[in-house]
């Protein structure tokens, strides 16, 4: 997360001043995350919740967001389970806001085919899948 925020919010990046980052996670932030939130306090907000809950989607204003990044857990003991959970997150978010651009990180290439049929998913409108296995293979 540190690397992502440093790169995403870098001052040399186009529109970095206009961007805000919302993190939603079921877990209370640990000490490392707390330090990161303090470092980027003006640009990053952390909410305890889940995108599977409509009330949480309202609370973090997903209806006003332009993009959503769903990050895979590279340390997960069940990569297919993590991919499935992230695909369910896409469905929940797209049901709430079909216009939102989604950048989805998956662990396995084979799970990409499950995304194309999600209502609202549109590669031509900017929705993207980043597959960790493909990146490793080059």
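Read-outs throughout are calculated quantities, based only on the coordinates presented, and are distinct from any laboratory measurement. Quantities reported herein were computed from a predicted structural model and do not represent experimental measurements. Cβ atoms come from the backbone with ideal geometry, glycine included; neighbour counts cover every protein chain shown.
Packing order of peptides 127-134, 87-94, 42-49, highest average first: 87-94, 127-134, 42-49 (average count of other Cβ atoms within 10 Å over each peptide's residues).
The Cα atoms of the chain cover 38, 32, 31 Å along the three principal axes, with the biggest extent listed first. Between residue 114 and residue 19, full extension at 0.36 nm per residue minus the direct alpha carbon distance yields a gain of 31.2 nm.
In this calculation the C-beta distance from residue 45 to residue 73 is compared with R0 = 30 Å, giving a FRET efficiency of 0.90. With respect to the chain, whose longest principal axis is taken over its alpha-carbon atoms, helix 79-96 is tilted by about 80°.
Pairs of alpha-carbon atoms within less than 8 angstrom and 6+ residues apart define the contacts here; what relative contact order does the range 7-46 have, in percent?
42 percent
Compute the FRET efficiency between residue 52 and residue 3 as 1/(1 + (r/R0)^6), taking r as their Cβ-Cβ distance and R0 = 35 Å, and round to the nearest 0.05. Working from the Cβ atoms, E equals 0.85. Dividing the convex hull volume of the alpha carbon atoms of the range 57-138 by its residue count gives 93 Å³ per residue.
Find how much the distance from residue 59 to residue 80 grows on full extension, using 0.36 nm per residue of separation minus their present alpha carbon separation; answer in nm with one decimal.
Values: separation 21, 0.36 × 21 = 7.56 nm, distance 2.92 nm.
So the chain would gain 4.6 nm between residue 59 and residue 80.
If you stretched the chain out fully between residue 32 and residue 132, how much longer would it get, using 0.36 nm times the residue separation minus the C-alpha to C-alpha distance? Separation in residues times 0.36 nm, less the Cα-Cα distance, equals 33.6 nm.
If R0 is taken as 22 Å, the Cβ-Cβ distance between residue 122 and residue 95 corresponds to a FRET efficiency of 0.95. Its relative contact order, with pairs defined as Cα atoms under 8 Å and 6+ residues apart, puts the chain at 18 percent.
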